[in-house]
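Each remark here refers to the structure printed beneath this line.
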Amino acid sequence: MPAPADQPWWRSAVIYQIYPRSFCDASGDGIGDLEGIRRHLDHIAELGVDTLWLSPFFPSPMKDFGYDVADYCNVDPLFGTLADFDRLLAEAHARGLRVLIDWVPNHSSDQHPWFQEARRSRSSPKRDWYVWRDGTPERPPNNWRAAFIDGPAWTWDESTGQWYLHLFLSEQPDLNWSNPEVEQAMHETLRFWLDRGVDGFRMDVIHCIGKDPALPDVPGELVGLPSSALNDDPRTHTLLRRIRGVLEAYPGERMMLGEVFLLETGRVATYYGAGDELHLAFNFPPLFAGWNAATWRAQIEQVNTHIEARGAWPTWVLSNHDNKRHRTRYGSDDRARAAAVLLLGLRGTPHLYAGEELGLEDAEIPASRRVDPGGRDGCRAPIPWSGNGNHGWAGSAPWLPWPPNRASLNVEAETADPESMLHLYRRLLHARRDSPALQLGSQKLLDTPDGVLAFRRDLGDEHWIVAINFTAEERTLALEGAWRVHVATERGLEDQAFDKQLGPDGAVLLRRGL
């Protein structure tokens, strides 16, 4: 049953993140590429998701593995060509899959022609495209700290005798969005991809593009924290409204999904504006929540209070390319299975990170193979497609070691096993796709025993309950009325009347009636 036609597509969608380097290599160089993604579109479509988000594939020196962009309007040869992208986009659309691409507006690579020109001299016409300040080589302009490195968010440029700002690596200088020329140039990069037919953008650290021009010091209690997690300047909201205007000039409900790395849900909520800024904003506190029913109940209440109350639509995410996979964090396969029920039962737009549907853990990365300055290699391990040989990758060994248990945790093996994590995700995703109530219905938290989280999803005459036992002991969940198990993490329970028992670290998706 399709979702109501009057609702924007991104409210009922499930978004599937692909880290291209790690998805599948078709060229044989050990690095995943666009052709590798294209060859596995059927897996994605059969899974039951609606939208792909592709992490950066632009030309880059790869100091931050693509988040240091040297050309916003092309494809790095590591990943293929623009023709490869166009083919991937067309074939995704032919399968009913929408495509978002990553857009990195806060900073470019130091190898981008804009920055190369900017640092040529103080009188360069592009000097003001970046953030420069006077000072001495011994003392940065303020106390801001960079992410991923233990040091200031400033680098001294010897040739021109000024500091330049970088909230991340020194090879990622911050663009100066207070310069109208920068704003217009970045709008043009959006139009380049919109003209090619993309359905929207995941916008990297979008909350950082507006900055107080005074660049004041961070207060004492926050000194030492990355400034990228603290920047929350009102100028960003004006910039977002104008970016929204660029997308709204195109047909087909093009969408803005913003990475707002602020760890207070109330602050994240402001980036929706009055329905005129981001369509969706990542709310990361749930990603950092432990395996605890009370903690998750509080997270849902925070979302209700700050996001739902303003008429905005929440997002939910358990894993991504920057954090340990939730299978690793939660510590067991049973918990990972229960987390799938939780994620796909919640009201909002869920995001899956490629490999979650296989129950993958982070890879163990020996010191000799570590490449990421932020220590995020483990969660970026390559996806195994088969159990033997090079696991469905062409040619040479992949750029990072394989995740654990790849002989059994791979697409081929799990497709053949009806009790696998892959089939659990498929059942959940297809249930959600077929149910307007699970996509768009109301959500009400229920009274439960300690250690259990349960909530109702209702729309019209459709009624569901999602229940998760966060404990290592069986729990009894008494419910009014008759409920049938539609999906369960435990074997043998599905398509049975619910007997009020939840097994240890177990979860069920229940439907009203017998």
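The values are calculated or read from the model by the stated rules, or taken from the named source; none is laboratory data. Given the structure is predicted, the values throughout are model-derived calculations rather than measurements. Here the Cβ is made from the backbone with ideal geometry for all residues, glycine too, and neighbour counts use every protein chain on show.
Worth pointing out:
- Residue that is under 21 Å from the mean Cα position of the chain (by Cα) and surrounded by fewer than 15 Cβ atoms within 10 Å (Cβ to Cβ), where the choices are GLY348, GLY375: GLY375
Condition check ((1) buried (at least 18 other Cβ atoms within 10 Å of the Cβ); (2) in a loop (DSSP other than H, G, I, E, B); (3) without any contact (Cβ under 8 Å) to a residue 40 or more places away in the chain; (4) among the hydroxyl-bearing types (Ser, Thr, Tyr)) across all residues:
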{"position": "ILE383", "(1), (2), (3), (4)": "yes, yes, no, no"}
{"position": "GLY392", "(1), (2), (3), (4)": "yes, yes, no, no"}
{"position": "ALA407", "(1), (2), (3), (4)": "no, yes, yes, no"}
{"position": "GLU412", "(1), (2), (3), (4)": "no, no, yes, no"}
{"position": "ASP417", "(1), (2), (3), (4)": "no, yes, yes, no"}
{"position": "ARG427", "(1), (2), (3), (4)": "yes, no, no, no"}
{"position": "ASP450", "(1), (2), (3), (4)": "no, yes, no, no"}
{"position": "ARG456", "(1), (2), (3), (4)": "yes, no, yes, no"}
{"position": "ILE468", "(1), (2), (3), (4)": "yes, no, no, no"}
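- When residues of the range 317-339 are limited to those that are in contact with a helix residue (DSSP H, G or I) (Cβ under 6 Å, 6 or more places away or on another chain) and of a type in the set (A, V, I, L, M, F, W, C), the one surrounded by the fewest Cβ atoms within 10 Å (Cβ to Cβ): VAL317
- The residues of the range 482-510 that are of a type in the set (A, V, I, L, M) and not in a loop (DSSP other than H, G, I, E, B), listed by number, are VAL485, VAL487, ALA488, ALA497, LEU502, ALA507, VAL508, LEU509, LEU510.
- ARG427 vs. criteria in contact with a strand residue (DSSP E or B) (Cβ under 6 Å, 6 or more places away or on another chain) and not assigned by TED's automatic domain parsing to the domain that holds TRP385: no
- Failed criterion for ASP334 (all others in (1) assigned to a loop (DSSP other than H, G, I, E, B); (2) in contact (Cβ under 8 Å) with a residue 60 or more places away in the chain hold): (1)
- Matching residues in the range 168-182 - criterion: being surrounded by 18 or more Cβ atoms within 10 Å (Cβ to Cβ) and part of a helix (DSSP H, G or I): VAL182
- Residue match in the range 90-112 (condition: on the phi > 0 side of the Ramachandran plot and either more than 24 Å from the chain's Cα centre (by Cα) or part of a loop (DSSP other than H, G, I, E, B) (or both)): yes
- Note on the range 473-495: residues that are surrounded by 12 or more Cβ atoms within 10 Å (Cβ to Cβ) and either under 22 Å from GLU419 (Cβ atoms) or in the same structural domain as ARG329 (by TED's automatic domain parsing) (or both) amount to 9.
- Positions within the range 40-88 being assigned to a strand (DSSP E or B) and touching a helix residue (DSSP H, G or I) at 6+ places or on another chain (Cβ under 7 Å), in sequence order: LEU52, LEU54
- From the list LEU190, LEU169, LEU165, LEU175, the one residue that fits, being over 29 Å from LEU82 (Cβ atoms) and of a type in the set (A, V, I, L, M, F, W, C), is LEU165.
- Of all residues in the range 89-112, those that are within 18 Å of ASP195 (Cβ to Cβ) have Cβ atoms under 9 Å from Cβ atoms of residues that are part of a strand (DSSP E or B) and among the basic types (Lys, Arg), 6 or more apart or on another chain, in ALA92/ARG98; LEU100/ARG202; ILE101/ARG202; ASP102/ARG202; TRP103/ARG202.
- Scanning the range 115-131 for residues that are buried (at least 22 other Cβ atoms within 10 Å of the Cβ) and either out of contact with any Asp or Glu (no Cβ under 6 Å at 6 or more places or on another chain) or of a type in the set (Phe, Trp, Tyr) (or both) turns up PHE115, ALA118, TRP129, TYR130.
- Flag for ALA431 being closer than 30 Å to ASP29 by Cα and surrounded by fewer than 20 Cβ atoms within 10 Å (Cβ to Cβ): no
- Across the range 263-285, not a single residue is classified as within 28 Å of SER420 (Cβ to Cβ) and either within 19 Å of the chain's Cα centre (by Cα) or touching a residue at least 40 places away in the same chain (Cβ under 8 Å) (or both).
- Test: residue in the range 173-187 that is out of contact with any Cys (no Cβ under 7 Å at 6 or more places or on another chain), farther than 30 Å from ARG11 by Cα and free of Cβ contacts under 8 Å to residues at least 24 places away in the same chain: yes
- Residue check for PHE470: more than 23 Å from GLN299 (Cβ to Cβ) and not hydroxyl-bearing (Ser, Thr, Tyr): no
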